[in-house]
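Here's the structure, in structure tokens; my notes come after.
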Amino acid sequence: MSASDTPMVDVQAIHKHFGQLHVLRGITMRVSTGHTTVVIGPSGSGKSTLLRCINHLETIESGRVYVDGKLLGYRETKNGIKSLPERLVAKQRADIGMVFQRFNLFPHMTALQNIMEAPRHVRKLPKSVCRDEARGLLAKVGLALKANSYPSELSGGQQQRVAIARALAMHPKVIMFDEATSALDPELVGEVLLVMEQLAHEGMTMVVVTHEMGFAREAADDVIFMDEGVIVEEAKPEEIFDHPKHERTRAFLRAVLEPRSVGDSHLTNLR
Amino acid sequence: MPEGAHPCFRGGSATAFDFHVFWTYLFDPAIRDGARITVELSVLSQAAGIVLGLFAALGRLSRLRLPIFRGIAFLYIWLFRGTPLLVQLAFVYFAVPQMTNGHVVPGEFLSAFIGLSLNEGAYMAEITRAGIMSVESGQLEAAQSLGMTRWLAMRRIVIPQAIRFIIPPTGNEFIAMLKNSSLASTIAVTDLFYHTTQIYSRSGQFFELLTVASVWYLAMTTVATFGQTLLERRFERGFSRTIRQPGLMQRAMLGALRRG
């Protein structure tokens, strides 16, 4: 089997409950190396939970998640799968980048320190190496001049770009974006999407949960539409946006792309 | 109350506050020595209490399936918050030698240090635990997503942020420690209060000597308050956009320090 046959991310029939709520009902998906998969769907459909399962921030109840061919968070035994010790899970996570909706930068560290932190203390690289690389990454996201600023001194868009640089500093095999622009003021969304598009074009493997349909159309290799814990439809962006097959996909896209029309009909119903 | 029953009246009739006596004893060598012991005992016990409290807090927050750390931490806090400090001090000083058949006989200062530290650790444990829980959960997740173990994330990310929440109540604790350490005089530690009582029981000058002690305690707690604000400013880095200007009190004290 050649390398290109192994997908970077291979999610096989995973299930997840939160109490009574069945949030993931047998999700199966693959992301090839260098590809960008965008996951769309209404809130509560399980998109974020799916992402969190792909770096084991959430445990799964059944199914398997493989990243770069390795089973994530568990090891196979004769009697099924057993949890890996925390140290080994941490090691796996080091290769899986994550960008959060609320940025989650470390507020007690400068932008530069935020980016250096994991290479320095997880990879245990020399300080000078970490600093040089961090400076390069800050320049890449257009924030070379903000190296010594604390997160509280940066705008939301700047914070999110630092967070992307922080994830990139670990040279992840795949990077996941959990609604990375949802918490931003509208005028700051563009600068973050630009960085994400650039990464996609450079061949980074990405799984992106977003409500930005323009980004999905422009940067995605595949688009997955999720609803109520299942994948309803999976297709190339032009197919799913121009010729959605399922009624639920059509309804969702209508609501997202033309909120006015849906809103109006709502009001009509209310009357 | 019939005259003569209260120790204050044993020496004769009541007298007015004698400022000269107050002034003479304010810098009396025995009083100064006692003040030094009070500071030493308080600083050492508070430091040990902070360390004990950190480990007890981490114990209570342990996620191990076996409740061994959680259990030990819970029992420790339960025991030392649930019994009086005075009893604990006497326990270490009197009961430990008895229990060990005279093999372990801690001295006065060591007994007081052990008792105060253990008691303080139980309170610091809850303060530290509250501080750790006040750090947004996204911080731990971000650290873990970068490949940190829970322990490394605690050390590098969570605890440094928790310190901000821990400092103000710890300031309270240290001020209480400076005052509560006077209980150590009951097990013959020669602290500020011990010398104060020694002198007034000889001379009967309660009013003056207790005022001397109060002035010393106030001076110590004032310095402690000042230290707290300095620490708070140090750990505020990154959390506020504006650097706070020092207040009137701080400017005065900084000036005094520079001159001194």
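Quick grid of which residues meet (1) buried (at least 21 other Cβ atoms within 10 Å of the Cβ); (2) away from chain B (no Cβ under 14 Å); (3) farther than 20 Å from residue A:220 by Cβ; (4) touching a Pro at 6+ places or on another chain (Cβ under 8 Å):
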position	(1), (2), (3), (4)
A:7	no, yes, no, no
A:11	yes, yes, no, no
A:21	no, yes, yes, no
A:27	yes, yes, no, no
A:33	no, yes, no, yes
A:59	no, no, yes, no
A:65	yes, yes, yes, no
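Checked against (1) buried (at least 21 other Cβ atoms within 10 Å of the Cβ); (2) within 21 Å of residue A:180 (Cα to Cα); (3) within 13 Å of another protein chain (Cβ to nearest Cβ), residue A:137 meets all criteria but (3).
Could you check, for segment B:173-188, whether at least one of its residues is out of contact with any Asp or Glu (no Cβ under 9 Å at 6 or more places or on another chain), within 14 Å of chain A (Cβ to nearest Cβ) and closer than 27 Å to residue B:237 by Cβ? The answer is no, given that none of the residues of segment B:173-188 is out of contact with any Asp or Glu (no Cβ under 9 Å at 6 or more places or on another chain), within 14 Å of chain A (Cβ to nearest Cβ) and closer than 27 Å to residue B:237 by Cβ. Just checking, does segment A:42-54 include any residue being surrounded by fewer than 14 Cβ atoms within 10 Å (Cβ to Cβ), out of contact with any strand residue (DSSP E or B) (no Cβ under 6 Å at 6 or more places or on another chain), closer than 26 Å to residue B:157 by Cβ and more than 14 Å from chain B (Cβ to nearest Cβ)? Within segment A:42-54 (the criterion being surrounded by fewer than 14 Cβ atoms within 10 Å (Cβ to Cβ), out of contact with any strand residue (DSSP E or B) (no Cβ under 6 Å at 6 or more places or on another chain), closer than 26 Å to residue B:157 by Cβ and more than 14 Å from chain B (Cβ to nearest Cβ)), the answer is no, since none of the residues qualifies. Counting only helices (runs of 4 or more DSSP H) that sit wholly inside segment B:40-148, those with at least 1 residues that are in contact with a helix residue (DSSP H, G or I) (Cβ under 7 Å, 6 or more places away or on another chain) are B:68-82, B:85-90, B:108-134, B:137-145. The residues of segment A:199-220 that are of a type outside the set (Ser, Thr, Tyr) and more than 18 Å from residue A:249 (Cα to Cα), listed by number, are A:199, A:200, A:201, A:202, A:203, A:204, A:206, A:207, A:218, A:219. Evaluated against (1) more than 24 Å from the chain's Cα centre (by Cα); (2) within 14 Å of another protein chain (Cβ to nearest Cβ); (3) under 30 Å from residue A:14 (Cα atoms), residue A:148 falls short on exactly one condition, (3). Only a single item in (1) among the small types (Gly, Ala, Ser); (2) within 23 Å of the chain's Cα centre (by Cα); (3) within 14 Å of another protein chain (Cβ to nearest Cβ) is not met by residue B:112, and it is number (3).
One line per residue, one yes/no per condition, for (1) in contact with a helix residue (DSSP H, G or I) (Cβ under 7 Å, 6 or more places away or on another chain); (2) more than 13 Å from residue A:35 (Cα to Cα):
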| residue | (1), (2) |
| --- | --- |
| A:167 | no, yes |
| A:177 | yes, yes |
| A:182 | no, yes |
| A:191 | yes, yes |
| A:207 | yes, no |
| A:210 | yes, yes |
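A quick yes/no check of all residues on (1) in contact with a Gly (Cβ under 8 Å, 6 or more places away or on another chain); (2) at pLDDT 95 or above; (3) more than 14 Å from every other protein chain (Cβ to nearest Cβ):
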{"residue": "B:103", "(1), (2), (3)": "no, no, yes"}
{"residue": "B:108", "(1), (2), (3)": "no, yes, yes"}
{"residue": "B:116", "(1), (2), (3)": "yes, yes, yes"}
{"residue": "B:122", "(1), (2), (3)": "yes, yes, yes"}
{"residue": "B:130", "(1), (2), (3)": "no, yes, yes"}
{"residue": "B:135", "(1), (2), (3)": "no, yes, no"}
{"residue": "B:144", "(1), (2), (3)": "no, yes, no"}
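With respect to being surrounded by 18 or more Cβ atoms within 10 Å (Cβ to Cβ), among the small types (Gly, Ala, Ser) and in contact with a strand residue (DSSP E or B) (Cβ under 8 Å, 6 or more places away or on another chain), residue A:97 fits the description. Just one of (1) farther than 23 Å from residue A:196 by Cα; (2) facing chain B (nearest Cβ under 9 Å); (3) of a type in the set (A, V, I, L, M, F, W, C); (4) not in a helix (DSSP H, G or I) fails for residue A:90. It is (4). Sub-7 Å Cβ pairs linking a first residue in segment B:130-156 that is at positive phi to a second residue that is surrounded by 15 or more Cβ atoms within 10 Å (Cβ to Cβ), at least 6 apart or interchain, are B:147/A:90; B:147/A:93; B:147/A:94; B:147/A:118; B:147/A:122; B:147/A:170, ordered by first then second residue. Residues in segment A:94-116 that are facing chain B (nearest Cβ under 8 Å), out of contact with any Lys or Arg (no Cβ under 6 Å at 6 or more places or on another chain) and not hydrophobic (A, V, I, L, M, F, W, C): A:97, A:102, A:104, A:107, A:108, A:110.
The values are calculated or read from the model by the stated rules, or taken from the named source; none is laboratory data. Bear in mind the structure is a predicted one, so any value in this text is a computation, not a measurement. For neighbour counting, all protein chains shown are included, and Cβ atoms are generated from backbone atoms with ideal geometry for every residue, glycine included.
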